[in-house]
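Okay, so here's the structure we're looking at.
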Amino acid sequence: MEQRADSAAGAPAPSGEGAIAAEAHVDELKAEIARLRARIAELESAPPRQDSRAGVEEQVLAPIVGQHGHDYLAALVHHAPNIFFIKDLEHRYVAISRLAAQYQQTTPEKALGCTERDVFPAEIAEKMIAEEVEVISSGKPLEYEQELPHPDGTRYFYTIKFPIYDKEGAPLGVGAFVTDLTDLKRSELDRLSMKEQVIRAQQAALRELSTPLVPLAPGVLAMPLVGAIDSVRAREILETLLEGISQQSAHTAILDITGVRYVDTQIANALVSAARAARLLGARVVITGITPAVAQTLVSLESRLDGIVTLGTLASGISYAMRARGNTSKMPAGQGSPAASSGVL
C-alpha cells in the first residue's frame, strides 16, 4: 500500500489544458445530476393520477392550444349544430348549445343556471328530472324518444343522456345529445296517411266491383252479383242497394245471383233482409238467376218472403221492371212474367 501511494504521489501531474478539460467535464456531470434530482423531487411531490370510469384519463386538447383550451370547448358547445347540454347534480344547465336554447325560446346566457322546472310544464319537468336521477344513480346512458310541446305543434326528439365525472371519478352531472325527429316523423305520418287513403280508395273500388249497381232505366236498378258472398259483402250489398234506391228514387231493384256459386241460409237471409229494407223505401226487389238449390234454401227459411219477386233470368227481371214502370200503383207480389217461367215467394 505504501509503495502504491508513493508511486501515485510520484506520478506526473496533468498538464494545464488537460486539467481544465477534466474540471469542465466534472462540472457538467454535477449539473446533470442536480437536474435529475430536481425532476425526481417534482414527480414525487405531484398528486397521483386517477383513472376515470372510462379508463385512464385521456388528453382531449392538444398542448398547442395552451391557455385557449377553454375557448375551444366553449366554441364547440356554442356552435354545435345540434341540441347539446350539460346539467349539474342539481339539474341546472351549466352548458348549453345555441340550438338547444333556441328550442327553449331563450338564449344560452339566460338558460344557464335554470332547470327543467323553469322551462317545461311540471309533469314533463319532473319526468326529465327522474330520468337524470336514474342516469346518475345507474351510471349508464339512457336513450329514448319523446314528444314535447312547442308553439308550432308537437315536436319529436331522440335523446341520449349520459353521466359525466370529474378527474377523480366523482359524478358531476348529466350530459345529453338530442336529435329533432319532427320532420322525419311528420313525413312518416304523411306517408301512412297517404297509404291509408290509397287503401280506402282500393277498398271502395273493390266494393264497387263486387256490388255494382247499374241504372237500367229511370226508377230501375240492377245489381249483378258474382262470386262468394260472406257477411261483410252481404252488408255492403245492403248498403249499396239502399243508397242507390234512395238517390235515384228507384221503384224496382233487380238482384241477379246467376254468378253466385253457393247460397246458404245466411246468404239467403241477407238477400231477404235487403228486399225488406228496400220495401221500406217504397221499392220492390226482384231476385233473378234462381236455381233449384237456391229455391229450396229460400223456401226453408222460417221468415216470411212476402213481396219478393223471383224470376229465372235477368232478362225476365228487366222485362218485369219495365212493365212496372208503366203502372203507377205498386204491383202486388206474384205478378211475374208467366212467359219467363217466373215464380213468386
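The values are calculated or read from the model by the stated rules, or taken from the named source; none is laboratory data. Being a predicted model, the structure only gives us computed values, none of them experimental. Backbone-built Cβ (ideal geometry, glycine too); neighbour counts: all protein chains shown. Surface accessibility is based on the protein's heavy atoms, side chains included, excluding ligands, DNA and RNA. Shrake-Rupley method; radii C 1.70, N 1.55, O 1.52, S 1.80 Å.
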Exercise. How many residues are surrounded by 12 or more Cβ atoms within 10 Å (Cβ to Cβ) and either over 15 Å from GLU116 (Cβ atoms) or free of Cβ contacts under 8 Å to residues at least 40 places away in the same chain (or both) if we restrict to segment 151-165?
Worked result: 10
Exercise. Only one of (1) in contact with a His (Cβ under 9 Å, 6 or more places away or on another chain); (2) closer than 30 Å to GLN102 by Cα fails for VAL178. Which number is that?
Worked result: (1)
For this session: Look at segment 123-147 and say how many of its residues are part of a strand (DSSP E or B) and open to solvent by less than 20 Å² (accessible area, probe 1.4 Å).
Result: 0
Exercise. Scanning segment 87-111 for residues that are in a loop (DSSP other than H, G, I, E, B) and open to solvent by 80 Å² or more (accessible area, probe 1.4 Å), which turns out farthest from TYR165 (Cα to Cα)?
Worked result: GLN105
Exercise. Which residues, counting only those in segment 166-203, are among the β-branched types (Val, Ile, Thr) and either surrounded by 13 or more Cβ atoms within 10 Å (Cβ to Cβ) or at pLDDT 85 or above (or both)?
Worked result: VAL174, VAL178, THR179, THR182
For this session: With respect to SER231, determine if the residue is at pLDDT 80 or above and under 45 Å from the mean Cα position of the chain (by Cα).
Result: no
For this session: For segment 227-268, enumerate the residues that are closer than 19 Å to LEU298 by Cβ and surrounded by fewer than 17 Cβ atoms within 10 Å (Cβ to Cβ).
Result: ALA228, ASP230, SER231, THR258, GLY259, ARG261, TYR262, ASP264, THR265, GLN266
